[in-house]
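Everything on this sheet refers to the single structure shown next.
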Amino acid sequence: MKILSMAWVGILLAGSLNASAPQQRKTPYWASLSAGQARMRTGPGRNYPAIWLYQRQGLPVQVIEVYPGWRKIRDPDGESGWMITNLLSDQRTGMVKDSVVELHESPDASSKISWRAEPGVIGRLSHCKEGWCRIDAGGRSGFVEETTLWGVDPDETIE
């Protein structure tokens, strides 16, 4: 009887572990750097050489491949390599590409311009839909056209 009850406890534990295991997301997906310094490596392990040292917390990256404890990422310049998962965050950020963008009060090109942001400015993304995203960069926020950002897919919706 004791053996049978131990087996039952084992089955229950196995079921609860699977229920709490994180779901593997479909690649590609967006993430951001959670650390002030993060190394990109040539392979999924600390024994692989580092090829880049990022010093920009919040930098949006695209996860293109998954390996246990590691993610292969692509940065805004198109470079790709492996990063340990604890250096990545699910916080959605966007980076202004190519030219100065206008941050509008509402998701409409004819709305009042609140701010302007230069290429390379990074901010938190929210409320993306119908080609516009709300971005908050250092407490200054507004809506920008999503085509001006690295870190969001065309026609993506973010609530």
* To do: For the stretch 61-159, just the Cα set please: Rg and Dmax, both in angstrom.
  => 14.3, 47
* Structure fact -> Once both label points are put 7 Å beyond Cα along the C-beta direction, the ARG140-ALA35 separation in nm becomes 3.1
* Asked: In debye to the nearest 20, how big a dipole does the stretch 34-159 give about its Cα centre with +1 on each Lys and Arg Cβ and -1 on each Asp and Glu Cβ?
  -> 700
* Asked: Given q = 0.15, 0.21 Å⁻¹, what are the Debye log10 I(q)/I(0) values for the stretch 39-86, with equal point scatterers placed on the Cα positions and solvent ignored?
  -> -0.32, -0.64
* Percent RCO, i.e. relative contact order, over the stretch 88-159, from Cα pairs under 8 Å lying at least 6 residues apart -> 34
* LYS129: which aspartates and glutamates have alpha carbons under 12 Å from its alpha carbon, excluding same-chain residues fewer than 8 sequence positions away? -> ASP108, GLU145, GLU146, ASP153, ASP155, GLU156, GLU159
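Coordinate-derived values only; no laboratory data. It should be emphasised that the depicted structure is a prediction, and the values quoted were computed from it without experimental measurement. Backbone-built Cβ (ideal geometry, glycine too); neighbour counts: all protein chains shown.
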